[in-house]
Amino acid sequence: MEEESGEELGLDRSTPKDFHFYHMDLYDSEDRLHLFPEENTRMRKVVQAEMANESRGAGDGKAQRDLQEEVDELVHLYGLEDDHELGDEFVDENIPRTGVSEYPPYMMKRRDPAREQRDWRLSGEAAEAEDLGFGGWGSAGQCQDLREAYRYTHGRASEEYECYVIPEEEDEEEAADVFCVTCKTPIRAFQKVFDEHKEHEVIPLNEALESAKDEIHKNMYKLEKQIIEMENFANHLEEVFITVEDAVAMADRLGKFLKTKTDVEISAQPEFEDQTLDFSDVEQLMGSINTIPAPSAPVINPQVPNSATGSSVRVCWSLYSDDTVESYQLSYRPVQDSSPGTDQAEFTVTVKETYCSVTNLVPNTQYEFWVTAHNRAGPSPSSERAVYMTAPSPPIIKTKEIRSCEEAVLICWESGNLNPVDSYTVELTQAESPEASGVTESVVGIPTCESVVQLQPGRSYIIYVRALNMGGPSVRSEPATVHTIGSYFRLNKDTCHPWLTISEDGLTAVRSERRTPARELSPSDTHFTRCVAVMGNLIPVRGHHYWEVEVDEHLDYRVGVAFADVRKQEDLGANCLSWCMRHTFASSRHKYEFLHNRTTPDIRITVPPKKIGILLDYEHSKLSFFNVDLSQHLYTFSCQLHEFVHPCFSLEKPGCLKVHNGISMPKHVTFY
């Protein structure tokens, strides 16, 4: 701040002694309110006290009284008592109130009728010059805060002295905080404005900003993509233009040559007189401008697992170039004897896509495929050949060979395919809820055509089988129903003596009368030749198995169990590989024997049983016999069952016996 005297400012009025004027920097100077000379310390204290009071808010009453006393002394010192009369006419409604009092004395402004229309806020050096009568003084109009602008003037008695404060400007317009999607404009969320948009879609302003940013990014991405496409198209046009320019230049030279007249007479041989020019090269070049090259060879893809059915496959290929392709020609033929080069009938399919589903094929059969691409210029070279395979045919379950017990079932089936398959899958569904078509259990990766599946006792199941290969799984086989109630098996015809006949259901064996002696049978390891007997196919599962045999009380028979490799040329019970109960009837006498390795205990049975119950217990290595009608225990063998055994039935005289199985164990049957 620079000090200036009244003479230097050109004042023609008298000024108090020791009173000086200063230029003020109301923005940059920290002491911007030090407007008074150093000698007038009381004036400085007034201003500093006011600033401190405003920083504290309303302040206390004592500070207010001290400030009022300081102001009154200053007014008296400068002779301003008559010029500053307090009254309602000095209250300016536009002047904001401070924390010292409602209207402090230095905020009063005397009315001047000559300046009624002027704003009480000064706005530059011109206004100050008019008030003070000189220019060059610091502009109080530059002040923007009512607490930082104080102006003191001194002149002739006829002049007015003013002390006022410039009020704060109004706050900036309240920023918008929501966005109307319908009107696409930001709005302020106070009631009146918001009612105008209550039917519109309104979102927070930050969400609208993020949405606009995303839309801009998307448009920029599309624009970049279009620019790349335009650059590629421009490169292609450039190549075409170069070709056209070459052709046009050649055509121009040729046209000029043809239009040139020559007067030179050429003495040529007669054969040159009818010579014509050959323009085929030019025509070919001109025609090549609008032609495209033939496409390159496609690349056929290897078969995707599970992409085929029993009669169709899905073949896919690709083209690793930007060639123009109008169609593809897919060729195929079956592969036989694993030799792709064998001459077979070929088939062709034309498609526009890079894939094709070929139908009407043979199940579980290999086919080789190759493809060519075509456009106006011609076909491409053929692709490499790929071998695809159709899915297998569904297997066929052998329902008559199903064996079960309370814990498991053994299922057998035929492949149904000429070529071998990779594996089989068994699917089971409980028969109690036929409406539930979902598979409750699946056994996968079965390599052969039979499988033992663990089940829950006392249930009924519906079983399906699928075959699998590289092409995928076959459809389900026809269903088969199994029950886990007791042990279920059938008589094995492959072990049956030729004199026995097995019923269709596989549960009854019949020996008929023979009037002529039969010739002696050759020994065999699979069926009985000496003992007229047959084996049953019991499931190879340890635990306990129970079945019953219905016999005539006058029939000579043997019933029991034997190992699978028992000698078929010997009677049951005549070796260490079989155990049986034998009954003979002669002279109205019944004889019962329990034979193993030709030995029997001395047991007498008074009541001939008509139905014999047999219990095979692997856990305790025992074989027990019961009279079912009397619920009577007959005898129990202690056996060394190191392998699985099978039920055996023998008829020594004509007659029949019937097997009952798949039944629950009676209560009288206990483990002995």
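The values are calculated or read from the model by the stated rules, or taken from the named source; none is laboratory data. These figures come from a predicted structure and were not determined experimentally. FYI the Cβ positions are ideal-geometry reconstructions off the backbone, even for glycines, and counts take in every protein chain you see. Just so you know, the surface numbers come from the protein's heavy atoms only, side chains and all, with ligands and any DNA or RNA stripped out. Shrake-Rupley method; radii C 1.70, N 1.55, O 1.52, S 1.80 Å.
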Qualifying residue in the stretch 382-395 (condition: open to solvent by 70 Å² or more (accessible area, probe 1.4 Å) and under 30 Å from L319 (Cα atoms)): yes
Test for S442: is it under 28 Å from the mean Cα position of the chain (by Cα) and loosely packed, with under 15 Cβ neighbours inside 10 Å: yes
Condition met for E224 (open to solvent by 100 Å² or more (accessible area, probe 1.4 Å) and more than 29 Å from T291 (Cβ to Cβ)): yes
Boolean, E384 is among the charged types (D, E, K, R) and within 30 Å of N492 (Cβ to Cβ): no
From the options E513, E432, E478, E427, residue that is modelled with pLDDT of 90 or more and part of a loop (DSSP other than H, G, I, E, B): E478
Any hit, the stretch 369-377, residues being part of a loop (DSSP other than H, G, I, E, B), at pLDDT below 90, over 34 Å from the mean Cα position of the chain (by Cα) and farther than 24 Å from V475 by Cα: yes
Per-region count, the stretch 611-639, residues over 59 Å from the mean Cα position of the chain (by Cα) and open to solvent by 10 Å² or more (accessible area, probe 1.4 Å): 12
Breaking point among (1) more than 33 Å from the chain's Cα centre (by Cα); (2) modelled with pLDDT of 90 or more; (3) open to solvent by 40 Å² or more (accessible area, probe 1.4 Å), for R314: (1)
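I need the full set of residues from the stretch 573-610 which are on the phi > 0 side of the Ramachandran plot, surrounded by 11 or more Cβ atoms within 10 Å (Cβ to Cβ) and polar (S, T, N, Q), in order please.
Of everything in the stretch 573-610, just one residue is on the phi > 0 side of the Ramachandran plot, surrounded by 11 or more Cβ atoms within 10 Å (Cβ to Cβ) and polar (S, T, N, Q), namely N597.
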Residue count, the stretch 469-506 (criterion: open to solvent by less than 10 Å² (accessible area, probe 1.4 Å) and either basic (K, R) or in contact with a helix residue (DSSP H, G or I) (Cβ under 9 Å, 6 or more places away or on another chain) (or both)): 2
Checking F369 against (1) more than 30 Å from W547 (Cβ to Cβ); (2) open to solvent by less than 20 Å² (accessible area, probe 1.4 Å); (3) touching a Gly at 6+ places or on another chain (Cβ under 7 Å), the condition it does not meet: (3)
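Keeping to the stretch 166-189, report how many residues are at pLDDT 60 or above and at negative phi.
Of the residues in that region, 11 qualify.
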Identity of the residue in the stretch 190-213, of a type in the set (D, E) and loosely packed, with under 10 Cβ neighbours inside 10 Å, that ends up modelled with the lowest pLDDT: D195
Which numbered condition S380 fails, given (1) modelled with pLDDT of 90 or more; (2) polar (S, T, N, Q); (3) under 37 Å from the mean Cα position of the chain (by Cα): (3)
Number of the exception - S664 against (1) open to solvent by less than 50 Å² (accessible area, probe 1.4 Å); (2) touching a residue at least 60 places away in the same chain (Cβ under 8 Å); (3) more than 22 Å from V532 (Cα to Cα): (1)
Sole exception among (1) assigned to a strand (DSSP E or B); (2) farther than 21 Å from L500 by Cα; (3) open to solvent by less than 50 Å² (accessible area, probe 1.4 Å); (4) in contact (Cβ under 8 Å) with a residue 24 or more places away in the chain for V659, by number: (2)
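Table: residues versus (1) on the phi > 0 side of the Ramachandran plot; (2) touching a residue at least 40 places away in the same chain (Cβ under 8 Å); (3) touching a Lys or Arg at 6+ places or on another chain (Cβ under 9 Å).
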| residue | (1), (2), (3) |
| --- | --- |
| H483 | no, yes, yes |
| T495 | no, yes, yes |
| E513 | no, yes, no |
| V534 | no, yes, yes |
| N537 | no, yes, yes |
| G543 | yes, yes, no |
Leading residue by the ranking (nearest to the chain's Cα centre (by Cα)) among those in the stretch 640-651 that are in a strand (DSSP E or B) and not hydrophobic (A, V, I, L, M, F, W, C): H646
